[in-house]
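Structure first, then comments.
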Amino acid sequence: MKILVINGPNLNMLGIREPEIYGRDTYEDLCRLIREEADCLGVQVSLFQSNHEGALVDAIQGAYQKQDGLIINPAAYTHTSIALLDAVKAVGIPTIEVHLSDPDTREPFRRISYLRPACLDTVKGLGFDSYLAALRRLVSHCRSLKETSR
């Protein structure tokens, strides 16, 4: 099973950017944790990060017929990007939206997620554990799809 984890703008600045919200661990620390969890679950994981909306769309489209599932933290594009929504809908890959913080408890504009309607779930507010919970949920979902299709 192949899972692609996509991270949007400013996640490369983890550990520096607003540590009171996002903590002091780095993006490299996050990637290591995701890889370790993927190994425990027996799945392949690829990680991608960009600060550019078009690059994120390209990554989603590039996953078509190559990845079994997507985990995406669209970051600020959560609240602005119809392009990401359309890309996820177009590829039809089971997708989980992830956030380190809980956007629903922050500024009012962060409570809107354009991507959420195309996702099977959203995991938020658990810090790095949001990704691990999303990975476990997605792997379980994909495995149940494979069982059903037999």
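Rule-based calculations on the coordinates, nothing more; no lab input. This one's a predicted model, so the numbers in the text were calculated from it and none came from an experiment. As a convention, Cβ positions derive from the backbone with ideal geometry for all residues, glycine included, and neighbour counts pool all protein chains shown.
What the table below lists for this structure:
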quantity	calculated
The chain: DSSP helices with Cα axial extent of at least 27 Å and average Kyte-Doolittle hydropathy no lower than -1.0	129-148
Qualifying trypsin sites (Lys or Arg not before Pro) for segment 11-92 [loop in DSSP, other Cβ within 10 Å: at most 14]	17, 24, 66
DSSP-loop chymotrypsin sites (Phe, Trp or Tyr not before Pro) across segment 14-100, with at most 12 other Cβ within 10 angstrom	64
Global geometry of segment 39-143, whether rounded, prolate or oblate, following the gyration tensor of its Cα atoms and the 1.5 cut on a/c	oblate
Cα centre as origin, Lys/Arg/Asp/Glu Cβ charges: the chain dipole, Debye	440 debye
Contact order relative to length of segment 2-148, as percent, for alpha carbon pairs under 8 angstrom and 6 or more apart	25 percent
Computed over segment 32-89, Cα set: Rg, Dmax in Å	12.4, 35
R0 of 30 Å, Cβ-Cβ distance residue 111-residue 51: FRET efficiency to nearest 0.05	0.85
Spin-label zone in segment 38-67 - amide nitrogen under 15 Å from a point set 7 Å from the Cα of residue 80 along the C-beta vector	50-57
Neighbour-count order for 123, 57, fewest beta carbons within 10 angstrom listed first	57, 123
